[in-house]
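Asker: Next up is a structure, given as structure tokens.
The values are calculated or read from the model by the stated rules, or taken from the named source; none is laboratory data. The structure displayed is predicted, hence computed values, not measured ones. Backbone-built Cβ (ideal geometry, glycine too); neighbour counts: all protein chains shown.
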Amino acid sequence: MSGAKKAAPWLIRTYAGFGDAAQTNERFRENLAKGQTGLSVAFDLPTQNGYDPDHPLSAGEVGGTGVAVSHLGDMRRLFEGLDLGRINTSMTINATAPWLYALYLAVAEEQGVPLPALRGTTQNDLLKEYVGRGTHIFEPNASLRLQTDLIAFAAAHTPKWNPMNACGYHYMESGATPAEEIGFAVGNAMMVLDAVRPRVSAEQFATVVEQLSFFINSGIELVPEIAKVRAYAKLWPAICEEFYGLPNMKWRAGCQVRSLTLTEQVPEVNIVRIAYQSLPVVLSAGARVRALQLPGFREATGLPDAAEQALSLRTQQVLMYETGLTDYEDIFEGSVVIERETARTMAAAREVALELRAQGFERSIGFIARRLTQNLVEASAALERGERLRVGVNAFTGELNIARKPRYEDDSAERAVGAARQVEGVAAWRASRDSAAVAAAREDLEAAARSGANLVEASLVLAKAGGTTGEWTETLARAFGGRYQATIGSDVAAYRPLNLPTAARPYRVFLAKSGLDGHVNAVKLLAYACRQSGMEVIYSGLQQTPAAIVSGAVQEGAEVIGISCLSGAHLHVAREVMAALAARGISDLPVVMGGIIPDHDAATLHELGIAAVFTPKDSDVGAIVGRLIALAEGSPA
């Protein structure tokens, strides 16, 4: 930054990943040239879920929500020309975190970078995947083991690396209160530390605790959010001293502001929302995050393009260099209101954290899922009744027409090129490697999984031998008993009912999550609402192929099929579902879709035969349920 006289008080990141490794490397370089100071890697859904790009479930998903990384060659290209000894890299990866971490270590070794010099973060937080994002692969105990293997290995070999980002972010996105966000994140961190502690020396455990970081949310409610950040910063050191005998530990966190509040209606207002949501996590000098990333203001309609990412960078740069807020000590210390709210939030969060710890890792999944569903229903009811206002949604509506020009770039064609290149590339990679070495490495990995040995070491051997993301996952699946489906926790009793129509009889609604995206907020809220209206809901689970959706719906005697698709693969899914129905001679079973779907794609979906399309602007749950009832009755949507 030209003219900057002092060290930046936090890392400026944008969440970036696109197409294949070469395309994302180019985006990294562009963002660094614009002033970004740390990398935050978004991986595509096949990579997150442990599939190679040529797997049937990867169709339509490769390179869509991030970069596809299938093997060591991809990781090399991703960081080509970037010195891993100097750059700070955050990788948002969870179920396959040990594998991506191993690939990163292999590239560092090739660059001649000593492993202890590496700085960065693997998110490596599986608990929130079961209740918020859905990219878990294995059952809870196996997932906890993979987490702790990475953490233990990092403590010994990459002591400056943050091996886990305990995520409060996704709990808030899924309906948590500020105290619950803290409590779930801290309680999760405690359960993981409890599991790691017997596996490392006392010195290494202190390193683990010191390097454990948090990834938090920042919402629009300024006072509660300021109090939340300060409560995080006070509670975590107290927990470390009280339960682990480690005084003077510091709370270390990164943040992205709250995406769930970004609206499809009047998207220009999101520019203001994002700027305001940035304030709580940087205003308090004593409770300031170490890294901040901001979404694109049109996130409700798609991934950010280059122009939106540039605007996110400039928003941070104005905040950092023009406001002068970094020139002062903690401006809230001694504030009667802030200190009172901080103490109240901290006490409630501590209670939640200890309750979670008492549940244990596996049981805590259902505990959190049910609480989050109740909160989602309450939040929806508050919007419905006008008790909570959202500008452009239920108050002060009307278009501004500032950002109604076409998006800065339509990258779908470029992404398709990258996806095709990725599929061809993984086949070429398999053909060029030493297959015997890969087979031997896979056997050793499976043996390590069955024996209880640390899996990062065996993963590193497989990475260097030329194994792929899908092969790593398949190998562990053999040892761990396959893949795992988590409950969504939609069977709850809410404090206040939603305003819903009543079905004439229990129509059978088949709800499915297509593709590899695992965000279930909309599905669980809709499942709850449909049941409350008197309908029967069949939820088929995550990662459903079009063929499986049609087969399941027919087998269950469904009268409406509802498909949630948030990964950008909606056109592919719709074509396959309608073709599968036609192949069975079924023409009268209505299909509806919901997700991040642009207007022009919605028109195409209708042409394909999709009866109704719902996007984030459809915030009236009662109206959606009414349309489903009408479809089940045979009326047009």
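Asker: What's the total number of residues in region 441-457 that are assigned to a helix (DSSP H, G or I), more than 20 Å from residue 429 (Cβ to Cβ) and hydrophobic (A, V, I, L, M, F, W, C)?
Answerer: Total satisfying the criteria: 5.
Asker: When you go through 343, 349 one by one, which is the residue that is within 15 Å of residue 233 (Cβ to Cβ), more than 27 Å from the chain's Cα centre (by Cα) and modelled with pLDDT of 90 or more?
Answerer: On the way: 349 fails: more than 27 Å from the chain's Cα centre (by Cα).
The conditions single out 343.
Asker: Checking the conditions here, which among 541, 622, 562, 518 is in contact (Cβ under 8 Å) with a residue 40 or more places away in the chain and either assigned to a helix (DSSP H, G or I) or touching a His at 6+ places or on another chain (Cβ under 6 Å) (or both)? Quick ask: steps written out before the conclusion?
Answerer: Numbers: 541 fails: either assigned to a helix (DSSP H, G or I) or touching a His at 6+ places or on another chain (Cβ under 6 Å) (or both); 562 fails: either assigned to a helix (DSSP H, G or I) or touching a His at 6+ places or on another chain (Cβ under 6 Å) (or both); 518 fails: either assigned to a helix (DSSP H, G or I) or touching a His at 6+ places or on another chain (Cβ under 6 Å) (or both).
The unique qualifying residue is 622.
Asker: While we're looking at this one, here's another question. Given the condition in contact with a Ser or Thr (Cβ under 9 Å, 6 or more places away or on another chain) and under 17 Å from residue 425 (Cβ atoms), answer yes or no: does some residue in region 26-43 qualify?
Answerer: So far as region 26-43 goes, yes, one or more of its residues are in contact with a Ser or Thr (Cβ under 9 Å, 6 or more places away or on another chain) and under 17 Å from residue 425 (Cβ atoms).
Asker: Going through region 462-484 one residue at a time, which ones are modelled with pLDDT of 95 or more and more than 22 Å from residue 53 (Cα to Cα)? Full working, then the answer.
Answerer: Within region 462-484, the subset modelled with pLDDT of 95 or more is 462-480.
Once the filter is applied, which keeps residues that are modelled with pLDDT of 95 or more and more than 22 Å from residue 53 (Cα to Cα), region 462-484 yields 479, 480.
Asker: Examine region 120-143 for a residue that is aromatic (Phe, Trp, Tyr) and in contact with a Leu (Cβ under 6 Å, 6 or more places away or on another chain), and state whether such a residue exists.
Answerer: no
Asker: Quick check: is even one residue across region 43-62 without any contact (Cβ under 8 Å) to a residue 40 or more places away in the chain, surrounded by fewer than 18 Cβ atoms within 10 Å (Cβ to Cβ) and of a type in the set (Asp, Glu)?
Answerer: Checked region 43-62: no residue is without any contact (Cβ under 8 Å) to a residue 40 or more places away in the chain, surrounded by fewer than 18 Cβ atoms within 10 Å (Cβ to Cβ) and of a type in the set (Asp, Glu).
Asker: Of all residues in region 544-559 being in contact with a Phe, Trp or Tyr (Cβ under 8 Å, 6 or more places away or on another chain), free of Cβ contacts under 8 Å to residues at least 60 places away in the same chain and in a loop (DSSP other than H, G, I, E, B), which is nearest to residue 623 (Cα to Cα)? Reasoning before the result, please.
Answerer: Residues of region 544-559 in contact with a Phe, Trp or Tyr (Cβ under 8 Å, 6 or more places away or on another chain): 549, 552-553, 556, 558-559.
Of the ones still in play, those that are also free of Cβ contacts under 8 Å to residues at least 60 places away in the same chain are 549, 552-553, 556, 558.
Subsequent filtering for residues that are in a loop (DSSP other than H, G, I, E, B) retains 556, 558.
On the way: 556: 25, 558: 20 Å.
Among residues in region 544-559 that are in contact with a Phe, Trp or Tyr (Cβ under 8 Å, 6 or more places away or on another chain), free of Cβ contacts under 8 Å to residues at least 60 places away in the same chain and in a loop (DSSP other than H, G, I, E, B), the one nearest to residue 623 (Cα to Cα) is 558.
Asker: List the number of the failed condition for residue 124; all other conditions in (1) touching a residue at least 60 places away in the same chain (Cβ under 8 Å); (2) part of a loop (DSSP other than H, G, I, E, B); (3) not charged (D, E, K, R) hold.
Answerer: Here residue 124 meets the rest and fails (1).
Asker: Could you tell me whether residue 351 is touching a helix residue (DSSP H, G or I) at 6+ places or on another chain (Cβ under 6 Å) and charged (D, E, K, R)? Write out each step before concluding.
Answerer: Details: touching a helix residue (DSSP H, G or I) at 6+ places or on another chain (Cβ under 6 Å): no; charged (D, E, K, R): yes.
Spelling it out, it is not the case that residue 351 is touching a helix residue (DSSP H, G or I) at 6+ places or on another chain (Cβ under 6 Å) and charged (D, E, K, R).
Asker: Which pairs do you get when a residue that is without any contact (Cβ under 8 Å) to a residue 24 or more places away in the chain and not assigned by TED's automatic domain parsing to the domain that holds residue 48, found in region 455-474, comes within reach of a residue that is acidic (Asp, Glu) and surrounded by fewer than 22 Cβ atoms within 10 Å (Cβ to Cβ), reach meaning Cβ atoms under 6 angstrom, with the pair 6+ apart or on two chains?
Answerer: Pairs found: 458/444.
Asker: For the list (1) in a helix (DSSP H, G or I); (2) out of contact with any Ser or Thr (no Cβ under 6 Å at 6 or more places or on another chain), I need the number of the one condition that residue 323 fails.
Answerer: Only one criterion in (1) in a helix (DSSP H, G or I); (2) out of contact with any Ser or Thr (no Cβ under 6 Å at 6 or more places or on another chain) is unmet by residue 323, namely (1).
Asker: Considering only residues of region 23-39 that are touching a residue at least 60 places away in the same chain (Cβ under 8 Å) and among the charged types (D, E, K, R), which is nearest to residue 421 (Cα to Cα)?
Answerer: If we take residues in region 23-39 being touching a residue at least 60 places away in the same chain (Cβ under 8 Å) and among the charged types (D, E, K, R), then 27 is nearest to residue 421 (Cα to Cα).
Asker: Follow-up question, since we're still on this one. Filter region 581-602 down to residues that are modelled with pLDDT of 90 or more and either surrounded by fewer than 14 Cβ atoms within 10 Å (Cβ to Cβ) or more than 25 Å from residue 260 (Cβ to Cβ) (or both), then give me how many there are.
Answerer: Number satisfying all stated conditions: 11.
Asker: Give region 194-233 a look and list any residue that's farther than 30 Å from residue 152 by Cβ and of a type in the set (Asp, Glu), or say none.
Answerer: Selection gives 221, 225.
Each row is one residue, and each column tells you yes or no for (1) at pLDDT below 90; (2) farther than 30 Å from residue 571 by Cβ; (3) out of contact with any helix residue (DSSP H, G or I) (no Cβ under 6 Å at 6 or more places or on another chain).
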| position | (1), (2), (3) |
| --- | --- |
| 407 | yes, no, yes |
| 414 | yes, no, yes |
| 432 | no, yes, yes |
| 437 | no, yes, no |
| 447 | no, yes, yes |
| 453 | no, yes, yes |
| 457 | no, yes, yes |
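Asker: Could I ask something else about it? Looking at residue 585 and the list (1) more than 29 Å from the chain's Cα centre (by Cα); (2) within 30 Å of residue 484 (Cα to Cα), which single condition is not satisfied?
Answerer: Against the list (1) more than 29 Å from the chain's Cα centre (by Cα); (2) within 30 Å of residue 484 (Cα to Cα), residue 585 comes up short only on (2).
Asker: A follow-up question, please. For region 591-613, how many residues meet the condition of being free of Cβ contacts under 8 Å to residues at least 60 places away in the same chain and not in a loop (DSSP other than H, G, I, E, B)?
Answerer: Residues meeting the conditions: 15.
Asker: I need the full set of residues from region 291-316 which are out of contact with any helix residue (DSSP H, G or I) (no Cβ under 9 Å at 6 or more places or on another chain) and either modelled with pLDDT of 90 or more or small (Gly, Ala, Ser) (or both), in order please.
Answerer: Passing the criteria: 291, 302, 307, 314.
Asker: Can you name the number of the only condition in (1) of a type in the set (Gly, Ala, Ser); (2) free of Cβ contacts under 8 Å to residues at least 60 places away in the same chain; (3) closer than 30 Å to residue 522 by Cα that residue 155 fails?
Answerer: (3)
Asker: In region 583-619, what residues are more than 18 Å from residue 513 (Cβ to Cβ) and in contact with a His (Cβ under 7 Å, 6 or more places away or on another chain)?
Answerer: Kept after step one, since they are more than 18 Å from residue 513 (Cβ to Cβ), are these residues of region 583-619: 583-590, 598-604, 606-609, 611, 617, 619.
601 - this is the single residue of region 583-619 that is more than 18 Å from residue 513 (Cβ to Cβ) and in contact with a His (Cβ under 7 Å, 6 or more places away or on another chain).
Asker: Given (1) more than 21 Å from residue 486 (Cα to Cα); (2) touching a residue at least 40 places away in the same chain (Cβ under 8 Å); (3) surrounded by fewer than 18 Cβ atoms within 10 Å (Cβ to Cβ), where does residue 355 come up short, assuming only one miss?
Answerer: Against the list (1) more than 21 Å from residue 486 (Cα to Cα); (2) touching a residue at least 40 places away in the same chain (Cβ under 8 Å); (3) surrounded by fewer than 18 Cβ atoms within 10 Å (Cβ to Cβ), residue 355 comes up short only on (1).
Asker: So which residues in region 277-303 are under 17 Å from the mean Cα position of the chain (by Cα), surrounded by fewer than 22 Cβ atoms within 10 Å (Cβ to Cβ) and part of a loop (DSSP other than H, G, I, E, B)?
Answerer: Once the filter is applied, which keeps residues that are under 17 Å from the mean Cα position of the chain (by Cα), surrounded by fewer than 22 Cβ atoms within 10 Å (Cβ to Cβ) and part of a loop (DSSP other than H, G, I, E, B), region 277-303 yields only 302.
Asker: Give me the residue from region 326-345 that is assigned to a loop (DSSP other than H, G, I, E, B) and hydrophobic (A, V, I, L, M, F, W, C) and, out of that set, surrounded by the fewest Cβ atoms within 10 Å (Cβ to Cβ).
Answerer: 331
Asker: Within region 247-263, does at least one residue satisfy the condition of being in a helix (DSSP H, G or I), over 22 Å from the mean Cα position of the chain (by Cα) and touching a residue at least 12 places away in the same chain (Cβ under 8 Å)?
Answerer: Our first condition is that a residue be in a helix (DSSP H, G or I); within region 247-263, this holds for none.
No, region 247-263 has no match at all.
Asker: Restricting to region 485-500, and then to whatever is farther than 16 Å from residue 369 by Cα and crowded, with 16+ Cβ neighbours inside 10 Å, can you tell me which residue is modelled with the lowest pLDDT?
Answerer: Within region 485-500, the match that is modelled with the lowest pLDDT is 498.
Asker: Of the residues 202, 189, which single one is hydrophobic (A, V, I, L, M, F, W, C) and over 22 Å from the mean Cα position of the chain (by Cα)?
Answerer: Values: 189 fails: over 22 Å from the mean Cα position of the chain (by Cα).
Only one candidate passes the filter, namely 202.
Asker: Which residues, taken from region 565-586, are at positive phi and touching a strand residue (DSSP E or B) at 6+ places or on another chain (Cβ under 9 Å)? Before you say what the answer is, go through the steps one by one.
Answerer: Just the residues of region 565-586 that are at positive phi, to begin with: 568, 585.
Listed by number, the list is empty, since nothing qualifies.
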